[in-house]
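Asker: Just dropping this structure here.
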Amino acid sequence: MSMSSTELQELARKCRVEIVKMVYRAQAGHPGGSLSEIDLIAALYANYLRVKPGSPDWEDRDRFILSKGHASPGMYAILAEMGFISKQDLESYRVLGGVCQGHVDMKWCPGVDFSAGSLGMGLSFGMGCAISGRLKGSERQIFVMLGDGEIQEGSVWEAAMAAKHHELGNLKVILDRNRIQNDDFCETQMRMFDIPAKWKAFGWSVKEINGHDMDEIVEGLDFLKNTNDNPAILIAHTVKGKGVSYMEDNPSFHGAAPNDEQFAVAMAELGEVVN
Amino acid sequence: MAATRDGYGQALLDLAVNEKVVVLEADLGKSTKSLHFRKQFPERTISCGIGEQNMLLTAAGLASSGFIPFASTFAIFTERAFEQMRNGVARPNLAVHLCGSHGGTHTGTDGSSAQSIEDLAIFRTLPNVVVLHPCDDVSTRLLTIQLADLSQPSYTRTARNKTPVMYDGRESEIEIGKGVVLQEGTDVAIIACGVMVSESMKAAEQLTSQGISATVIDMHTIKPLDEELITKVAKSCGTIVTAEDHNIIGGLGGAVAEFLSSNIPTPLERVGVKDRFGESGQADEMLELMEISSPHIVSAAIRAINRKK
């Protein structure tokens, strides 16, 4: 059953609460990029991905590859909502022996298809998954989430070129265009000019949306799902730290945890009652 | 005479009956010899263009989906994708088999940019990764075929130029992780890999004429190291020489030194590239320039014997 936009918004809100809680408990991690990506990921998991939480290794599943692996709290939150892991597991984020490693890891966490943590790697890995699907005659689709700072890595463009060369219509990218990277705004660190034009020039089908508007997200994910004759990218314009006022558009919260006071503010803003 | 890279190419054809086997190339298939597979099985051959980083991770994605990928390029260019091998292949323990051809100074006239002398060292530091450096086309073919059954990744170095065929009738002894005693002696054990195995056999012959009896081992597997065999010859010969066309830092000599010093301290002389870069020259000229050809192994053996108590 497909969720409505309102239901998806509520799902994403619950995930936001868990994201902030995870980073707060660990007093480390990456809230900004988790909050920017979560509306997209929540809608993707709820309405699009062909996966089975009870059998995460089901061979014919769609793949979701979080290439910006530091934004793991976002992925863990939705994996818990979907039932791949328990809510209790979220408490293991960054804890010794925990399934929720600092960066998403396929060896540790059910439902994770790619061990991330080093930027610029997920699209290539996704290419391998896409070729596998083709060789096996499978309908599976491969979704790769990239960060915007991440596409400064040259190897992303090796993969972009190769995916078109091999006409991988089952390979889909969601670009979290939150305009901020580790040290500062992308514009300061490395200007990227016309990102849609770059992907178009590599032969990809391109669509841009507001990555926090659920109706646009659904439209965008429909575009990805239904573009099967060409590799496709959805460029989602997002706000880093979306949903928590002091984190929004603030490079300081790329990789920093809220203190007690900030945590309380975040919970209030996200509509969560904390004892 | 034959080149180890031809053994690799032949092995891919042997493996082709297994439909899970896929081949990845980075525009050097003609050189690494994966081209024979490509010609016969184009649908299972993936051109990655001149993009080694993408190749390694595409292979990882294929491995995660149940395929057995064999990816190759020049040894030196595998190094460009080292972090991909580390984070995308070794860490999740995906059985990607990477082959670096044209390894070592023996590669010759292309010059120092093409002469990888550190590949064995760097890949040996990665958990889960098996590291091979066979000495002839026969063993390369057999070891490559065995790789398809591994549930862990591997790096295999092959060589560009032809070297003597060492295995003729002893093929059944070739097994990943097991060194092969090519000649048994009592005064010194020479442990070699790759193109240096035939040089070591030549050295052993020269030593015989001086009344010295040498064991020669083809240590085609650098990792996991055949510690049992090293222990055995350390005891029986009492002194050891390693020989490799690789930096003396971190390769076969380094691995043997680490093992001996911690377990069975034994005099050791390492013949290898003395922490320097090469230059353009013919293969035999390079071995001479690097002071790793058979006369240098002979001298090292005599030094090693003189160090016995």
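The values are calculated or read from the model by the stated rules, or taken from the named source; none is laboratory data. What you see is a predicted model; the values in this text were computed from it and never measured. Neighbour counts run over all protein chains shown; Cβ positions are idealised from the backbone, glycine included. Just so you know, the surface numbers come from the protein's heavy atoms only, side chains and all, with ligands and any DNA or RNA stripped out. Shrake-Rupley method; radii C 1.70, N 1.55, O 1.52, S 1.80 Å.
Asker: Using a 1.4 Å probe on protein heavy atoms, which residues of the range B:64-102 have at least 40 Å² less accessible area in the complex than alone?
Answerer: Residues passing the criterion (a loss of at least 40 Å², heavy atoms only) are B:64, B:65, B:67, B:91, B:92.
Asker: I've got another one for you. Would you tally the net charge around residue B:9, using a Cβ to Cβ cut-off of less than 11 Å, leaving residue B:9 out, and scoring K and R as +1, D and E as -1?
Answerer: On the way: positive: B:5, B:30, B:33, B:38, B:39, B:141; negative: B:6, B:14, B:137.
Within the 11 Å Cβ shell, the charges total +3.
Asker: Work out the FRET efficiency for residue B:40 and residue A:259 from their Cβ-Cβ distance, taking R0 = 60 Å, and round it to the nearest 0.05.
Answerer: Values: r = 64 Å, r/R0 = 1.06.
With R0 = 60 Å, the Cβ-Cβ based efficiency is 0.40.
Asker: With everything on Cα atoms, drop me the angle between helix A:214-226 and the longest principal axis of chain A, reported from 0 to 90° to the nearest 10.
Answerer: 30 degrees
Asker: Please tell me which of these pairs span more than 24 angstrom C-alpha to C-alpha: A:14/A:240; A:107/A:240; A:21/A:240; A:200/B:33; A:68/A:207; A:164/B:39? The partial results should precede the final answer.
Answerer: Numbers: A:14/A:240 17 Å; A:107/A:240 28 Å; A:21/A:240 17 Å; A:200/B:33 35 Å; A:68/A:207 20 Å; A:164/B:39 22 Å.
A:107/A:240; A:200/B:33, as the Cα separations exceed 24 Å there.
Asker: Net charge near residue A:213, counting Lys/Arg +1 and Asp/Glu -1 over other residues with Cβ under 11 Å of its Cβ? Intermediate results must be reported in sequence, preceding the final value.
Answerer: Values: positive: none; negative: A:39, A:215, A:216, A:219.
Net local charge, residue A:213 excluded: -4.
Asker: Oh, and also: Starting from the Cα of residue A:59, step 7 Å along the direction of its Cβ; do the same at residue B:112; then give the gap between the two resulting points in nm.
Answerer: Inter-label distance under the simple model: 5.1 nm.
Asker: May I ask what percent, to the nearest 5, of DSSP beta bridges between residues of chain B are antiparallel?
Answerer: 15 percent
Asker: What accessible area per residue, rounded to a whole number of Å², is obtained for chain A using a probe radius of 1.4 Å?
Answerer: Numbers: 10480 Å² over 275 residues.
Result: 38 Å² per residue.
Asker: Further question: Where Lys and Arg each count +1 and Asp and Glu each count -1, what net charge lies around residue B:51 among other residues with Cβ under 10 Å from its Cβ? Please list the in-between numbers first.
Answerer: Details: positive: B:80; negative: A:158, B:27, B:52.
So the environment of residue B:51 carries a net charge of -2.
Asker: Can you say what percent of the DSSP beta bridges in the protein assembly as shown, counting only those with both residues inside, are antiparallel? Round to 5.
Answerer: Details: 8 of 65 bridges.
Antiparallel bridges: around 10 percent, rounded to the nearest 5.
Asker: Using a 1.4 Å probe on the protein chains only, how many percent of the accessible area of the protein assembly as shown belongs to carbon and sulfur? If you can, show how the numbers build up before the last one.
Answerer: On the way: 10440 of 21690 Å².
Exposed carbon and sulfur together represent 48 percent of the surface.
Asker: Which of the lysines could be linked to residue B:232 by a straight reach, that is with a Cα gap under 29 Å, when you skip same-chain ones fewer than 8 residues away?
Answerer: Reachable lysines: B:178, B:202, B:223, B:274, B:308, B:309.
Asker: Another question about this same structure. Could you give the accessible area per residue of chain B, probe 1.4 Å, as a whole number in Å²? Let's see the in-between values first.
Answerer: On the way: 11210 Å² over 309 residues.
Heavy-atom accessible area per residue stands at 36 Å².
Asker: Can you give me the Cα centroid spacing of the range B:129-175 and the range B:16-42 in angstrom?
Answerer: Using only Cα atoms to place each centre, the spacing works out to 17 Å.
Asker: Compute the angle between helix B:52-64 and the longest alpha-carbon principal axis of chain B, please, reported from 0 to 90 degrees and rounded to the nearest 10.
Answerer: 80 degrees
Asker: Quick check: the angle from helix B:4-15's long axis to the longest principal axis of chain B, C-alpha only, nearest 10 degrees?
Answerer: 50 degrees
Asker: Moving to a separate point now. As a test of the definition: with a 1.4 Å probe, what buried accessible area, both sides summed, do you compute for A against B, in Å² to the nearest 100? It would help to have the intermediate numbers written out before the result.
Answerer: Details: alone 11480 and 12170 Å², together 21690 Å².
Counting protein atoms only, the buried area is about 2000 Å².
Asker: Using square roots of five times the C-alpha gyration tensor eigenvalues, list the equivalent-ellipsoid semi-axes of chain B in whole Å, biggest first. Could the numbers behind the result be given before it?
Answerer: Numbers: eigenvalues 208, 72, 61 Å².
Result for chain B: semi-axes of 32, 19, 18 Å.
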